[in-house]
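Read-outs throughout are calculated quantities, based only on the coordinates presented, and are distinct from any laboratory measurement. Because the structure is predicted, anything quoted here is derived from the model rather than measured. Glycine gets a Cβ as well: all are built from the backbone with ideal geometry, and neighbour counts include every protein chain shown.
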Amino acid sequence: MNETVYKGFGPDEMEFQYNPRVSVPEYPELARVRAAQARKVRESAKSWLNVAYGTSRRETLDIYAADKPAGPVLVYIHGGYWRSGSKEDNCNFVPTFTKRGATVVLAEYDLCPQVTVTDIVRQTRASVAWVYRNIARYGANPAKLFVSGHSAGGQLTAMALAHDWTKEGLPHDLIKGAVATSGVYDLEMVMKISVQEQVRMTPQDARANSPLLNPPSVKCPLVVAVGGDEPRGWQQMSQDYFEYCKQNGMKVEYLVEPRANHYTMSEHLLDDTLPLTRAMIKQLGI
C-alpha cells in the first residue's frame, strides 16, 4: 500500500511538490542572476538603506524613492522559507514601480532557526506599522499602503491581512491592497519536508500562522498569484487560499503567471507587459 503523507502525495513526492529547491534544480543560478540585478538597483536607485524599524540587527527596511511624491507605498516581503533570503538580493523589480510613482519598501526579518515563524510574523507586522507611521517623511502617502510578498513572503503578507491593526492604535483598513505570490499557506505541510530541519515548526506555530486557518481581517482587494510552471501541489495551495479568502468576503483575484517557476516570479516583475506586473500596477493605481 502506498503511504500518503499529505494531500494525496507520498513521501517521495513531498520534496518536489513543496520544496522549490528540488522542483527547480537550477535555482542557484537563478538566484545569482536576481542578486546581480538587485545589486545594480541598490547601487543606483535613490534610497534610504537599512532604516531600523525594531531593535534586532535584521529589523531594518530599504526604502526606494518614487520618481514623484505623494504616491502609494508598496511594502515588499521577500521569501526564502523563513530560513534564507535578504532584502538586498530581492530588490531587482523596484524600478518597475518607482518610475511610475510608487515608493517601494523592502522589509527584512530575522531567520529560522534563530527565531520562530511566530517571531517573523510579529516582525513583519511591526515593519508595516512602522511604514504607515513614518513613510510620509520619505515622500509617500501612508493612506495608500499596499503589501506584497513572495513564497514565505506570501504567507507573511497573508498574516498582515489577518491582523487586527486597531490593537496597535492603527486604522483597521491601513492596508489598501495586497498581492501574495507563490505563498506558503498551510504550515502543517512544512513539518513534513526537509525544510523543517531549519524552520523547526511546531504544531502550535503552524496553527497560529497558517493563512488557511487565519482569515483576512483587512477586507482589501487581494491578488493570489502562482507560477504556471510550479508543481501541482504548490499551485493547489494557492488555489485553496484563494477559495478561502473568497469564502471570507474578500475581493480576491486568482492569477497563474504563464511560464513562471518559483524562482522566476520576481524576474517577471521586471516586465510590465506580463499579467502579474500589470495586476500590481493596476492595484497600486499607477
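When residues in the stretch 230-251 are screened for being polar (S, T, N, Q) and not in a helix (DSSP H, G or I), 1 of them pass.
Restricting 36, 107, 65, 31 to those that are of a type in the set (A, V, I, L, M) and over 22 Å from residue 152 (Cα atoms) reduces the list to 65.
Yes or no: residue 76 part of a loop (DSSP other than H, G, I, E, B) and among the aromatic types (Phe, Trp, Tyr)? Taking the combined requirement at face value, the residue does not satisfy it. Among the residues of the stretch 252-278, the ones that are farther than 30 Å from residue 6 by Cβ and either assigned to a helix (DSSP H, G or I) or of a type outside the set (Asp, Glu) (or both) come to 6 in all.
The residues listed here are 193, 175; of these, the one that is in contact with a helix residue (DSSP H, G or I) (Cβ under 8 Å, 6 or more places away or on another chain) and either closer than 30 Å to residue 10 by Cα or of a type in the set (Gly, Ala, Ser) (or both) is 193. On inspection, residue 68 fails the criterion of being of a type in the set (Lys, Arg) and at positive phi.
Could we say that residue 231 is farther than 20 Å from residue 93 by Cβ and surrounded by fewer than 21 Cβ atoms within 10 Å (Cβ to Cβ) here? Here the answer is no, as residue 231 does not meet what is asked. Among the helices (runs of 4 or more DSSP H) confined to the stretch 9-69, the ones with at least 3 residues that are in contact (Cβ under 8 Å) with a residue 24 or more places away in the chain are located at 11-18, 27-44. Among the residues of the stretch 1-57, the ones that are within 30 Å of residue 99 (Cβ to Cβ), touching a Phe, Trp or Tyr at 6+ places or on another chain (Cβ under 8 Å) and among the polar types (S, T, N, Q) come to 1 in all. Taking only pairs six or more apart or across chains, which ones have beta-carbon atoms under 9 Å, a first residue in the stretch 265-286 that is within 23 Å of residue 231 (Cα to Cα), and a second residue that is part of a loop (DSSP other than H, G, I, E, B) and of a type in the set (Ser, Thr, Tyr)? Close Cβ pairs satisfying both conditions: 265/151; 265/182.
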